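In what follows, a single structure is set out as structure tokens and then discussed.
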Amino acid sequence: MTPGQLGEVLGLPPIPSGTWAEEALYVSPAALRRGEAPGEMAARLRVLPGIADVRVRGDGFLEIVVAVPGGLVTEIGPVPAAAGGAPPWADLPRTWDNPGFVVRLAHVRAVAVQRWAADLGVGGDFRPELLAGRWDRAVLRSLAEVHGRRVSRAPGWAAYTEQLARVYHDAFERAPALPSGEEEPSALHAARVRLARAVRDVLAEGLAALGETAPDRL
């Protein structure tokens, strides 16, 4: 169950919650908004494919746990974004203290992963269930916010792209998408390459909204 599919059922984008280290959790006020008994909506949701659990909070909000959070990358692709004004960040210094450098480098890395994966023969069917490690799930948790931000009057692209970029840098360094040395390409590598593609597309969308063209190289 992807955020887009869940949003169609609920009538509004679900809100990712928590760290996703243990469970991929969304929160939704959909039952209250639609005037439906939360328990009844929860019962309908529990039988949907890809839903692991649905809990009703005391305030009537639903807590929805998705079984395979990695599936969300299948609905992320290039999205034309309305150009914003002047970019909020300077080009220099190119250090980790400059959020602009952090975001641009993350895009460059995500682009490079696609190029290197092709050179190394990483490919095959995408298996979203393999994106279950700590670093992968942190990236998925951040990506899950994009639907809600797209419909928000104040999407906060600058802060969001920096957040996504930082968790992606952690994944890039600690959960490699590419084989090293004599290691053979695996289905996990292929899944992480697909995850990197989603990061690339969302960062490009956010940078465009901020008035920048996402760089392929620095």
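The values are calculated or read from the model by the stated rules, or taken from the named source; none is laboratory data. Computed from a predicted structure; not experimentally measured. All Cβ positions, glycine included, derive from the backbone under ideal geometry; neighbour counts span all protein chains shown. Protein only, heavy atoms only, side chains kept; ligands, DNA and RNA dropped before computing areas. Shrake-Rupley method; radii C 1.70, N 1.55, O 1.52, S 1.80 Å.
Summary table
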read-out	value
Cα lying deepest toward the dipole's positive end in the range 69-218, options Ser142, Trp96, Trp116, charges on Cβ	Ser142
Most fluctuating residue given options Ala165, Ala112, Ala204, as computed from a GNM of the chain linking Cα atoms under 10 Å	Ala112
Label-point separation in nm, Asp170 to Val47, each point 7 Å along Cα→Cβ	3.9
Proximal charge balance of Leu218 [Cβ under 15 Å; K/R count +1, D/E count -1]	+3
Highest-first arrangement of 45-58, 23-36, where packing means the average Cβ count within 10 Å	23-36, 45-58
Listed residues Val27, Gly58, Ala37: farthest to the positive end of the dipole of the range 23-63 (Cβ charges)	Ala37
Amide H within-cut-off set for Ile51, under 5 Å, with H built and near neighbours excluded	Ala67
Rg/Rg_globular for the chain, with Rg_globular taken as 2.2 N^0.38 Å and Rg from C-alpha atoms	1.07
The range 163-218 - accessible surface per residue (Å², probe 1.4 Å)	43
Choice from Thr19, Thr161, Thr95 with maximal GNM fluctuation in the chain (Cα, 10 Å cutoff)	Thr95
Residue-level accessible surface for Asp125, protein heavy atoms, 1.4 Å, Å²	130
Residue with peak Gaussian network fluctuation, the chain [Cα springs, cutoff 10 Å], from Pro128, Pro14, Pro88	Pro88
Distance from the range 1-36 to the range 120-190 (C-alpha centre basis), Å	20
J(HN,Hα) series, the range 80-95, from Karplus relation 6.51 cos²θ - 1.76 cosθ + 1.60, nearest Hz, glycine and proline x	x, 10, 5, 5, x, x, 5, x, x, 10, 7, 6, 10, x, 8, 10
Accessible area of Trp116 in the full protein assembly, 1.4 Å probe (Å², nearest 10)	110
